[in-house]
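**Student:** So that we are looking at the same thing, I have put the structure below in structure tokens.
The values are calculated or read from the model by the stated rules, or taken from the named source; none is laboratory data. Quick caveat: nothing in here was measured; it's all calculated off a predicted structure. Cβ atoms come from the backbone with ideal geometry, glycine included; neighbour counts cover every protein chain shown. These accessible areas exclude ligands, DNA and RNA; they are computed on the full protein's heavy atoms, side chains included. Shrake-Rupley method; radii C 1.70, N 1.55, O 1.52, S 1.80 Å.
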Amino acid sequence: MRQACFFSYSKFLAALVALFAFSQAPAQIPDKFTNLQILDKDSNRAQVVGQMRMFAGALGVRCNHCHLGENAATLEGFDFASDEKEAKRIARLMMKMVQDINSNHLGGIGRAEHLKVNCVSCHRGLTKPQSLRDAMLKKVDAEGVEAAERHYRSLRESYYGRASYDFGAGTLNNVSETLARQENDLDSALAMIRLNIEFHPESAYSHVIQARILMAKNDPDGAVSSLKRAMEIEPGNQFYEGMLKRIQNRRQQ
Ligand code: HEC
Ligand code: HEC
């Protein structure tokens, strides 16, 4: 009994030491700071390093994204005070923006307690925080639908299960509808909805979008089989039934 007790106590001590070592900043980070313009000039090392780790995590980068230095693993020879990197200068603007949002805008809601915005509210682990929808539409425009499809697959590989991008069915449904409606690009719209159905075969509405695109491409047989698939997934949906009737009537004319 005593033995067991001693054992767990030493384990506890080891965990405590590990925790302490973990929260300590590497020796390469100085104690005195010479170029703090937004953070409190009297901030101590733990406060500055805590903020910096938060920045790095929110943007999905390491210290060298904003600071001059070669080896991000050891931080050897880093010049943290330098403002040479553009990303550091942008980060200062972002810090001011966040302060302004929190005090002047969210504060203006007039509640005694209000939630606060922080870097991660927008960045979600990305340096350039954009939605998956916007990223896809931009890619189709710039490099074509095949490049966009490869891009989706590779983003999904890296980010699925994280907060960065929404890989739910809604995203490519919207991309596909936007390409069809606003850009009248039916081929790209069809490629995007097929990609969506590959990952979300049970999304009834994706099959309905596919049916609409196929109708517009003059493929009523394809449209009917897409709609029937949607109706298998959601039996009794009157909207889908009505659509199927309209297509069948049109075919008989
Ligand atoms: C997104 C950009 C960004 C990242 C990533 C970043 N920093 Fe910073 N860092 C800044 C900005 C901006 C300042 C200046 C803040 C100010 O003016 O109050 C700063 C200041 C510092 C300072 C104070 C320098 C001085 O003497 O004034 C240190 C030390 C520092 N960062 C260390 C780190 C470390 C260590 C990491 C990685 C864990 C890191 N930073 C990651 C943007 C960044
Ligand atoms: C309201 C949303 C929002 C918040 C909050 C926000 N950012 Fe940003 N940030 C953006 C957007 C949008 C861009 C892309 C700007 C562009 O490329 O034109 C960006 C770009 C950046 C960049 C440039 C990235 C690069 O290297 O290309 C840095 C650095 C950055 N933000 C740091 C921060 C830090 C640090 C915080 C928290 C203090 C923060 N941001 C909070 C929206 C935000």
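**Student:** Just to be sure I understand, how many residues within the stretch 76-134 are more than 20 Å from the chain's Cα centre (by Cα) and at positive phi?
**Tutor:** Result for the stretch 76-134: 2.
**Student:** Please enumerate the residues belonging to the stretch 39-52 that are open to solvent by 40 Å² or more (accessible area, probe 1.4 Å) and near ligand 1 (Cβ under 7 Å from one of its atoms).
**Tutor:** Hit for the stretch 39-52 is MET52, nothing else.
**Student:** Give me the pairs, please: first residue somewhere in the stretch 77-101 and in the same structural domain as LEU59 (by TED's automatic domain parsing) and within 13 Å of ligand 2 (Cβ to nearest atom), second residue anywhere and open to solvent by less than 60 Å² (accessible area, probe 1.4 Å) and part of a helix (DSSP H, G or I), beta-carbon distance under 8 Å, and either six or more positions apart or on two chains.
**Tutor:** ALA91/PHE55; MET94/CYS119; VAL98/CYS119
**Student:** Please go through the stretch 194-253 and give me each residue that is among the small types (Gly, Ala, Ser) and over 13 Å from ASN173 (Cα atoms), ordered by number.
**Tutor:** Within the stretch 194-253, ALA216, GLY222, ALA223, SER225, SER226, ALA230, GLY236, GLY242 meet the criteria.
**Student:** Right, next: Out of the stretch 86-125, which residues are within 12 Å of ligand 1 (Cβ to nearest atom) and either closer than 27 Å to ILE193 by Cα or open to solvent by less than 60 Å² (accessible area, probe 1.4 Å) (or both)?
**Tutor:** Residues satisfying the conditions are ALA87, LYS88, ALA91, ARG92, MET95, VAL98, CYS119, HIS123.
**Student:** Among what's in the stretch 57-76 and is within 9 Å of ligand 2 (Cβ to nearest atom) and open to solvent by less than 40 Å² (accessible area, probe 1.4 Å), pick the residue that is nearest to ASP40 (Cα to Cα).
**Tutor:** Out of the qualifying residues, it is CYS66.
**Student:** Looking at the stretch 167-204, which of the residues that are open to solvent by 80 Å² or more (accessible area, probe 1.4 Å) and not in a loop (DSSP other than H, G, I, E, B) is nearest to MET243 (Cα to Cα)? Walk me through how you get there before you give the answer.
**Tutor:** If we filter the stretch 167-204 for residues that are open to solvent by 80 Å² or more (accessible area, probe 1.4 Å), which is where we start, we get 181-184, 187, 194, 198, 202.
Subsequent filtering for residues that are not in a loop (DSSP other than H, G, I, E, B) retains 181, 187, 194, 198.
Details: ARG181: 18, ASP187: 22, ARG194: 20, GLU198: 23 Å.
Selected residue: ARG181.
**Student:** So, one more: What are the residue pairs meeting all of these: first residue in the stretch 59-75, first residue over 25 Å from ARG162 (Cβ atoms), second residue part of a strand (DSSP E or B) and more than 6 Å from ligand 1 (Cβ to nearest atom), Cβ atoms under 8 Å, and 6 or more apart or on different chains?
**Tutor:** That search, which allows pairs on different chains as well, returns LEU68/ASP79; GLY69/ASP79.
**Student:** Now, a different point. If I ask for residues that are more than 15 Å from the chain's Cα centre (by Cα) and open to solvent by less than 80 Å² (accessible area, probe 1.4 Å), which ones from the stretch 143-166 would you list?
**Tutor:** Of everything in the stretch 143-166, those that are more than 15 Å from the chain's Cα centre (by Cα) and open to solvent by less than 80 Å² (accessible area, probe 1.4 Å) turn out to be GLY144, VAL145, ALA147, ALA148, GLU149.
**Student:** Filter the stretch 11-51 down to the residues that are at pLDDT 65 or above and polar (S, T, N, Q) and list them by number.
**Tutor:** Passing the criteria: GLN28, THR34, ASN35, GLN37, SER43, ASN44, GLN47, GLN51.
**Student:** Among the numbered conditions (1) within 11 Å of ligand 1 (Cβ to nearest atom); (2) of a type outside the set (Ser, Thr, Tyr); (3) open to solvent by less than 70 Å² (accessible area, probe 1.4 Å); (4) not in a loop (DSSP other than H, G, I, E, B), tell me where ALA81 comes up short.
**Tutor:** So ALA81 meets the others, but not (4).
**Student:** Out of the stretch 95-121, which residues are of a type in the set (A, V, I, L, M, F, W, C) and farther than 18 Å from ARG53 by Cβ?
**Tutor:** Correct list: MET97, ILE101, LEU106, ILE109, ALA112, LEU115, VAL117.
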